[in-house]
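In what follows, a single structure is set out as structure tokens and then discussed.
The values are calculated or read from the model by the stated rules, or taken from the named source; none is laboratory data. On a predicted model such as this, the values are computed, not experimentally measured, just so you know. When we count neighbours, we look across all protein chains shown, and the Cβ atoms used for this are built from the backbone with ideal geometry, even at glycine.
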Amino acid sequence: MPFIQQKKLASSYLTRRLSHTFVVTSLTLSIVLGSLGNSHAAENLPNTGGVMATLNSEQEDFRLVRLTQGLKNPWGMVFLPDQSLLITERGGQFFLYRAGHLEKISLPALPDLHVRGQGGLLDVTLHPDFSTNHWIYFTYSHSLASGSTTAVARGRLEQNRLQDLQTVFIAKTDSSASHHYGSRLLFDRKGYLFVTIGDRGNRDSAQRLDLHAGKVLRLTGEGNAPPDNPFVNTKDALAEIFSYGHRNPQGLALDPDTDELWLSEHGPKGGDEINRLIAGANYGWPIITYGEEYSGGSIGDTEQPDMQQPQHQWTPSIAPAGITFYNGAAFPNWQGDLFTAALKFKMLVRQRYTPEGRVSEEEQLIPHRIGRIRDISQGPDGLIYLITDENKGGLYRLEPAP
């Protein structure tokens, strides 16, 4: 069973106390991907797109294209089978980009949404069998009686509506902070859902197996712990945990060649990491880190037995967010490279790794040109799409130079 019982969402909501001080709140959400008539007409926002620059890099020449502006703190995005792009805004809004236009989608307020600090409506993804079951999954910061936590919900897209909405999982984090929610989502080839959870501002939580904070979770589509999860038979450990010792992981990608999961996570002052995920592994935070206190001074060691070293670390920090491996045809010289969206230096980082996991190439792309890059996605057309986490955020694309 998931940590909370799955509950169908209705037009009114009932709040009830569960164990571990969790609150389950029924939600109502009707997202309209198109015209809904007079009461729910989609609002077309102006298209302010255009080529911004033609740029050279070590391996490819490309154009930076602004597709649209008008987004406020976008956080996650996912392509639908018709090649339209569904985008979340942290404030609680969904947008759809299609046919060159950004449409504001009408929806009621989410009554449990905790929009404060780094919290709000966060990542979004599709179920692997979306073409037949129409499930869309998203993460959000869920209000509790005391504080908030990361939650996963899903809804079924039927005839231009997101319906049958369910909150399938609410993390146990025991925190009143409004930061370090993690919240990146990814389905693997076997159909399991991976969810990143930050340490929620309490670094010691990352080493506690009785909390979800500072972990990567592995769930079924219904929010349950698969029977082969690494801590299913560990006393007092939460069965949903896949790996632990993470600070605030906000990027998750599947290597298309090996099916391995890779992760980006924020360090403190320095020590941002790229990690290759291993079931049951301890990634060390806060016992080991290459970062230091914001005020200066060490936090822990850089190595300990039985704790994983990062594949790569950045000091000073770049504030890594979304990541993706490129395997499209548009940029043949970037095949197999890992791209990391960076918030701090407002750039995209391209890395090439050897089979042994060492960085053989690294370069910075488009620094300080478009703002804080929150997420990256390879489109069905093989082009690279970016969103910027700004009050006046936008959607951008990298395409081959003519």
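Checked against (1) assigned to a loop (DSSP other than H, G, I, E, B); (2) out of contact with any helix residue (DSSP H, G or I) (no Cβ under 7 Å at 6 or more places or on another chain); (3) farther than 30 Å from V359 by Cβ; (4) of a type in the set (D, E, K, R), K172 passes all but condition (2).
Residues are listed down the side, and each one gets a yes or a no for (1) farther than 15 Å from P400 by Cα; (2) in contact with a strand residue (DSSP E or B) (Cβ under 7 Å, 6 or more places away or on another chain); (3) modelled with pLDDT under 95; (4) in a strand (DSSP E or B):
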residue: G37; (1), (2), (3), (4): yes, no, yes, no
residue: H40; (1), (2), (3), (4): yes, yes, yes, no
residue: M52; (1), (2), (3), (4): no, yes, no, yes
residue: Q59; (1), (2), (3), (4): no, no, no, no
residue: F62; (1), (2), (3), (4): no, yes, no, yes
residue: R66; (1), (2), (3), (4): no, yes, no, yes
residue: Q69; (1), (2), (3), (4): yes, yes, yes, yes
residue: G76; (1), (2), (3), (4): yes, yes, no, yes
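Taking strands (runs of 3 or more DSSP E) as the structural unit, those lying wholly within region 216-304 and holding at least 1 residues that are hydroxyl-bearing (S, T, Y) and either within 30 Å of D337 (Cα to Cα) or modelled with pLDDT under 95 (or both) correspond to 241-244, 261-266. Looking across region 135-161, the residues that are among the aliphatic types (A, V, I, L, M) and either closer than 14 Å to L110 by Cβ or free of Cβ contacts under 8 Å to residues at least 60 places away in the same chain (or both) come down to I136, A151, V152, A153. Screening N327 on (1) assigned to a loop (DSSP other than H, G, I, E, B); (2) touching a residue at least 40 places away in the same chain (Cβ under 8 Å); (3) surrounded by 17 or more Cβ atoms within 10 Å (Cβ to Cβ) shows it passes everything except condition (3). Residues considered: Q118, Q83. Of these, the only one that is in a loop (DSSP other than H, G, I, E, B), over 21 Å from E222 (Cα atoms) and under 17 Å from the mean Cα position of the chain (by Cα) is Q118. Which of the residues belonging to region 299-312 are out of contact with any Ser or Thr (no Cβ under 9 Å at 6 or more places or on another chain) and free of Cβ contacts under 8 Å to residues at least 60 places away in the same chain? Listed by number, the residues that qualify are E303, Q304, P305, D306, P310, Q311, H312. If you take the residues in region 199-215 that are in contact (Cβ under 8 Å) with a residue 60 or more places away in the chain and assigned to a loop (DSSP other than H, G, I, E, B), which one is surrounded by the most Cβ atoms within 10 Å (Cβ to Cβ)? Checked region 199-215; the qualifying residue surrounded by the most Cβ atoms within 10 Å (Cβ to Cβ) is G214.
Among the residues that make up region 340-350, is at least one of them under 25 Å from L122 (Cα atoms), hydroxyl-bearing (S, T, Y), in contact (Cβ under 8 Å) with a residue 40 or more places away in the chain and crowded, with 22+ Cβ neighbours inside 10 Å? Yes.
A single member of G336, G357, G394, G371 is in contact with a Lys or Arg (Cβ under 9 Å, 6 or more places away or on another chain), assigned to a strand (DSSP E or B) and either at pLDDT below 95 or not aromatic (F, W, Y) (or both), and it is G394. A residue that is more than 22 Å from the chain's Cα centre (by Cα) and either surrounded by fewer than 20 Cβ atoms within 10 Å (Cβ to Cβ) or within 30 Å of G328 (Cα to Cα) (or both) cannot be found anywhere in region 251-274. From the set of residues in region 145-164 that are within 22 Å of the chain's Cα centre (by Cα) and surrounded by fewer than 21 Cβ atoms within 10 Å (Cβ to Cβ), which is modelled with the lowest pLDDT? Selected residue: L157.
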